[in-house]
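For reference, the structure is listed below as structure tokens.
The values are calculated or read from the model by the stated rules, or taken from the named source; none is laboratory data. Just so it is clear, the structure is predicted and the values come from calculations on it, not from any experiment. Backbone-built Cβ (ideal geometry, glycine too); neighbour counts: all protein chains shown.
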Amino acid sequence: MHGKKSRIVPMLNNMGVVIPRSDVQYVVTEFGSVNLAGKSIQERAMAMISIAHPDFRDELFDQAKERGLLGPERTLTESIHGIYPVNLEEVITIDSQSVTIRPAKPVYERRIQEHFYNLDKDDIIARFFHRKTSFVHDEVEGISQIDYIKDLTILAVVGEIGFGRVIAIGECLLNQSNNMAEIAFSVSKPYQGKGLGRMILKKLTDSARENGISGLFAYTSSQNRGMVNLFKTLPYKTKIILEDDMLHLSCKFEEPVS
């Protein structure tokens, strides 16, 4: 309301509504849109906060916790002020199936967990470098709650918006000591080898360049030729260093392939 008060509030007091509040499905603001259907109270609260004006998100977060809408494990990070980059969204077709490529939002935390739980055990090791059988909130929170500048997660999603299944994840996290961003990927087995990783990498790269990041790097197993080949698709000189049976891949945007 004229930049002084948010129209998104934790509770409606003495105000009439046309339909039951539980029946609200899509909510759209100038800062994004969310599908609330089928989501828990906590997921709905985080979704609404994420599309409120950034100036009011701290206040809404605190009010939601005070009213018990958010659990005590929820923490406030600078990512809550991030502006969703709608320009990174794209819909493609793979094997006659529509796939939405989009930046992650806090409301996708559960979908990201499900993606990791459904990965092949070898793909889990390739992504995390060791066997994992659980992906709890504290581990996944940093993937879904991002500021879209210093850290960015791109998802590939199939299915209806708000109910979709995550089939691929690309992450980009800035190392401020050298202004280089680390990247990591995971793709569900049925969708591997179909160009998803390459498309997500391009979006991560374009965003990193636009935000003044100097280049990218990644760690991977010396056996993971897929990651090596993916990195080499970038139009920059790739450096590969073997460190204790791990490969360190890197490139700088100021060093294009001649």
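Output the residues belonging to region 200-237 that are under 14 Å from Ala184 (Cα atoms), assigned to a strand (DSSP E or B) and hydroxyl-bearing (Ser, Thr, Tyr).
Tyr219, Thr220, Ser221
Yes/no per residue for (1) at pLDDT below 95; (2) touching a Leu at 6+ places or on another chain (Cβ under 6 Å); (3) farther than 15 Å from Gly32 by Cα:
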| residue | (1), (2), (3) |
| --- | --- |
| Thr77 | yes, no, yes |
| His81 | yes, no, no |
| Tyr84 | yes, no, no |
| Thr100 | no, no, yes |
| Ala104 | yes, yes, no |
| Tyr108 | yes, no, no |
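Give the residue that is surrounded by the most Cβ atoms within 10 Å (Cβ to Cβ), with candidates limited to residues of region 120-168 that are touching a Ser or Thr at 6+ places or on another chain (Cβ under 9 Å), β-branched (Val, Ile, Thr) and part of a helix (DSSP H, G or I).
Ile143
Report yes if Gln176 is more than 15 Å from the chain's Cα centre (by Cα) and surrounded by 14 or more Cβ atoms within 10 Å (Cβ to Cβ), otherwise no. Reasoning before the result, please.
On the way: more than 15 Å from the chain's Cα centre (by Cα): yes; surrounded by 14 or more Cβ atoms within 10 Å (Cβ to Cβ): no.
Here the answer is no, as Gln176 does not meet what is asked.
Test Phe185 against the criterion of being surrounded by fewer than 19 Cβ atoms within 10 Å (Cβ to Cβ), touching a helix residue (DSSP H, G or I) at 6+ places or on another chain (Cβ under 6 Å) and not small (Gly, Ala, Ser), and give yes or no. Break it down into steps so the answer makes sense when it comes.
Numbers: surrounded by fewer than 19 Cβ atoms within 10 Å (Cβ to Cβ): no; touching a helix residue (DSSP H, G or I) at 6+ places or on another chain (Cβ under 6 Å): yes; not small (Gly, Ala, Ser): yes.
In short, no.
Let me confirm something: among Gly164, Gly226, Gly159, Gly170, which residue is modelled with pLDDT of 95 or more and either under 28 Å from Gln145 (Cα atoms) or out of contact with any helix residue (DSSP H, G or I) (no Cβ under 9 Å at 6 or more places or on another chain) (or both)? Give the derivation first.
On the way: Gly164 fails: modelled with pLDDT of 95 or more; Gly226 fails: modelled with pLDDT of 95 or more; Gly159 fails: modelled with pLDDT of 95 or more.
Gly170 is the lone residue from the list that is modelled with pLDDT of 95 or more and either under 28 Å from Gln145 (Cα atoms) or out of contact with any helix residue (DSSP H, G or I) (no Cβ under 9 Å at 6 or more places or on another chain) (or both).
Which residues, taken from region 193-221, are in contact (Cβ under 8 Å) with a residue 60 or more places away in the chain and among the polar types (S, T, N, Q)?
Of everything in region 193-221, those that are in contact (Cβ under 8 Å) with a residue 60 or more places away in the chain and among the polar types (S, T, N, Q) turn out to be Ser207, Asn211, Thr220, Ser221.
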